[in-house]
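FYI, it's all coordinate maths here, none of it is from the lab. Treat the numbers as computed from the prediction; the structure is a model and nothing was measured. Note that we place each Cβ from the backbone using ideal geometry, even for glycine, and neighbour counts take in every protein chain shown.
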Amino acid sequence: MKLNQRIAIVTGASGGIGKATARRLLQDGASVMLAGHHQDKLDAVSAELVKEFDAQRIATVECDVSKEDQVIAAVQATQKRFDGWDIMVNNAGLMDFKPLEQQSGDDWLSVLNVDLMGAFYFIKQAFLQMKPGGAVVNISSVHAVETEPLVAPYAAAKTALLSLTRSSAIEGRPKGIRTNVILPGAIDTPMLWDNPNVKSGAEKIDKADVGKPEDVAAAVAFLVSDDARFVCGAELRVDGGRLARL
């Protein structure tokens, strides 16, 4: 299996893309620390996964990625449990829906602290503690390229995540750590269907444009594998070609 002996942390692991990513990495042989904000949801995902995989390769850690001390604790818990850490998937995300004139500074900071700073905190720890051969994948969004009304903080954070990926790729390369970023499009998750713009019909979603969480997970599995050993600083759209149309 491609990822035997590898140790991964996946944030936002109780959500659609996070859970699918954890499952795929386990299928490929990795051990996975499921990180998330709600322990009860993590426990439910863990209970589901241990029916398919060796329980010794699965662990959970409650972590608010917007808090650097909790990120450090999550990394320490991973290294204590699995005696190492090779793969980081920054998937945790927060999205709200307000017109710009109704947003506050706190609204912006709550999104930026999760969607951008959380990734930074884990990348910082990766650069401090991962050995050469490590891989980081950030989960951005097509909103970093084209967006819609009411989601300015989210779109800004996801755009900044592209820049953070480029900087991380440059600074991580001498350390032997690759950083890449995925831009999912419309993915069949609660975040998509709970979107007020989608519910109201303001944003039209063609069923042909909706992918599965497993589509994103497959891209992650490639980017963290040795098959992608010469891929660094890449921005990979996983959107079914939605943004390619004029």
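Of everything in the range 90-112, what is assigned to a loop (DSSP other than H, G, I, E, B) and among the acidic types (Asp, Glu)? Give them in sequence order. Write out each step before concluding.
In the first step, residues of the range 90-112 are kept if they are assigned to a loop (DSSP other than H, G, I, E, B); the result is 91-99, 103-104.
Once the filter is applied, which keeps residues that are assigned to a loop (DSSP other than H, G, I, E, B) and among the acidic types (Asp, Glu), the range 90-112 yields only ASP96.
Inspect the range 100-118 for any residue being within 14 Å of the chain's Cα centre (by Cα), within 25 Å of VAL142 (Cβ to Cβ) and touching a residue at least 60 places away in the same chain (Cβ under 8 Å) and give the result as yes or no.
Yes, the range 100-118 contains a residue that is within 14 Å of the chain's Cα centre (by Cα), within 25 Å of VAL142 (Cβ to Cβ) and touching a residue at least 60 places away in the same chain (Cβ under 8 Å).
Could you check, for the range 36-52, whether at least one of its residues is among the hydrophobic types (A, V, I, L, M, F, W, C) and closer than 27 Å to ALA152 by Cα?
Taking the range 36-52 as the starting set, the residues that turn out to be among the hydrophobic types (A, V, I, L, M, F, W, C) are 42, 44-45, 47, 49-50.
Right, trim to closer than 27 Å to ALA152 by Cα and you get none.
Checked against the condition, which is being among the hydrophobic types (A, V, I, L, M, F, W, C) and closer than 27 Å to ALA152 by Cα, the range 36-52 yields no hits at all.
Of the residues VAL71, VAL61, VAL50, VAL45, which is among the β-branched types (Val, Ile, Thr), closer than 16 Å to SER14 by Cα and either surrounded by fewer than 15 Cβ atoms within 10 Å (Cβ to Cβ) or in contact with a Cys (Cβ under 8 Å, 6 or more places away or on another chain) (or both)?
Numbers: VAL71 fails: closer than 16 Å to SER14 by Cα; VAL61 fails: either surrounded by fewer than 15 Cβ atoms within 10 Å (Cβ to Cβ) or in contact with a Cys (Cβ under 8 Å, 6 or more places away or on another chain) (or both); VAL45 fails: either surrounded by fewer than 15 Cβ atoms within 10 Å (Cβ to Cβ) or in contact with a Cys (Cβ under 8 Å, 6 or more places away or on another chain) (or both).
Within the list VAL71, VAL61, VAL50, VAL45, the selection yields VAL50.
Which of the helices (runs of 4 or more DSSP H) found entirely inside the range 1-88 contain at least 3 residues meeting this: of a type in the set (S, T, N, Q) and under 24 Å from LEU128 (Cα atoms)? Walk me through how you get there before you give the answer.
Values: elements: 16-27, 39-49, 68-82.
Filter on the range 1-88 gives 68-82.
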